[in-house]
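Quick notes on the structure that follows.
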Amino acid sequence: MSFKAFYASDIHGSDMLWRKFINAAAFYGAEVLIMGGDIAGKAVLPIVRRSNQYFVPGFAGERAFTEDELPALERRIRDLGQYPYRMTEDELAAVQHDRGAIDALFSRIMRETLERWLRLAEERLQGKGVRLYAMLGNDDERALREVLTGSSFVVDCEDRTVELAEGFQMLSCGFANPTPWHSPREMPEEELQRHLEQLAGQLEEPSRSVFNLHVPPIRTPIDTAPVVDENLSPVIRGGSIMMGPAGSQAVRNVIERYQPLIALHGHIHESKGETRIGRTLALNSGSEYNTGRLHGVVVTLGDDRVVGHQFVVG
């Protein structure tokens, strides 16, 4: 038997990309949807009320919005991967220098947004024979795992093996090796390799499996990223941004050892592409989340092989 899956990753809070991801099942005829991590946004954007007008510092300059204009403005902000939040000037002043209050607000909005996304997925996909698997990435707060595990429709696939179709299993891990940004979900390479080895040990037939690993293998065409300095600024050499490997040695090691049928990756937005590690086809879907363009890969598996794959942008 064969089946078709649609994989995407790194949508970073974009409402538009989540809607496109859900709709991809019908558009591409996929029975399986796989979200590879980094699903949450990175910032709350205050919409500040002054008298009967609203302002968005840092987003729309000094332009004033009426209350009737707010729904369209908020949709635009959400589509770009940020979280709009209405507040008064006094409310903004009360939290803007309180790190704890800001973090609590951010966490609450992230949870509420993901809960809304999961409800939307169930509304649109229920009864259509589509299976949706999702996991967190390294940039996602650990507390969001509770939202995924609490869904009765979306399968939280991380840290275990799941059955994609008869004879095809998938293991998933959204943690990253250490990054310059010290993101919420990172592991030292040695610990990450132990974790991946433990997961791989649960597979019945690794050669027919799918590895859904947020971070790509190191020193490949799909793990190249800008090199940054101690201030997290890109390093410029000869007038060009210096590029270098940013993937994981642990991920490469387990792929080399277990040789899954296919490995699906995200994490490094600039390195969309494919490579071979032994018999394993490794793919990075890439990301342009702040442009409204969803990058993904349509993969058809069957007869102990990858029947076909196609990079798509929608």
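Here are the numbers for this structure:
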{"read-out": "Gaussian network model of the chain, Cα within-10 Å springs - most flexible of ALA30, ALA165, ALA200", "value": "ALA165"}
{"read-out": "Pairwise label distance in nanometres, GLU288 with LEU232, each label 7 Å out on the Cα-Cβ vector", "value": "2.5 nm"}
{"read-out": "Scattering profile of segment 174-314 at q = 0.17, 0.19, 0.20, 0.21 Å⁻¹ [log10 I(q)/I(0), Debye over alpha-carbon scatterers]", "value": "-0.98, -1.17, -1.26, -1.34"}
{"read-out": "The chain: DSSP helices with Cα axial extent of at least 30 Å and average Kyte-Doolittle hydropathy no lower than -0.5", "value": "99-125"}
{"read-out": "Convex hull volume per residue in cubic angstrom - Cα atoms of segment 247-314", "value": "73 Å³"}
{"read-out": "Sequence-separation-based contact order of the chain, relative, with Cα cut under 8 Å and 6+ spacing, percent", "value": "20 percent"}
{"read-out": "Residue of ASP79, ASP229, ASP304 that the Gaussian network model of the chain assigns the largest fluctuation, springs spanning Cα pairs under 10 Å", "value": "ASP229"}
{"read-out": "Range of Cα positions in segment 92-146 per principal axis (Å), largest first", "value": "48, 22, 14"}
{"read-out": "Alpha carbon centroid spacing (whole Å) that separates segment 187-262 from segment 80-131", "value": "30 Å"}
{"read-out": "Gaussian network model of the chain, springs between alpha carbon atoms under 10 Å - residue of SER51, SER248, SER287 with greatest fluctuation", "value": "SER51"}
{"read-out": "Size descriptor, Kirkwood hydrodynamic radius, that averages inverse alpha-carbon separations across segment 36-177, Å", "value": "17.3 Å"}
{"read-out": "Segment ALA72-THR300, extension gain: residue separation times 0.36 nm, minus the distance between their alpha carbons", "value": "78.3 nm"}
{"read-out": "Mean ellipticity per residue at 222 nm, deg cm²/dmol - from DSSP H runs of n ≥ 4 across the chain, formula -39500 (n - 2.57)", "value": "-8500 deg cm²/dmol"}
{"read-out": "Net +/- balance of residues flanking LEU164 in space, Cβ distance below 12 Å, scoring K and R +1, D and E -1", "value": "0"}
{"read-out": "FRET efficiency estimate (nearest 0.05) - Cβ-Cβ, GLN126 to GLU190, R0 41 angstrom", "value": "0.45"}
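A short reminder: the numbers here are calculations on the coordinates, not readings from a lab. Quick caveat: nothing in here was measured; it's all calculated off a predicted structure. Here the Cβ is made from the backbone with ideal geometry for all residues, glycine too, and neighbour counts use every protein chain on show.
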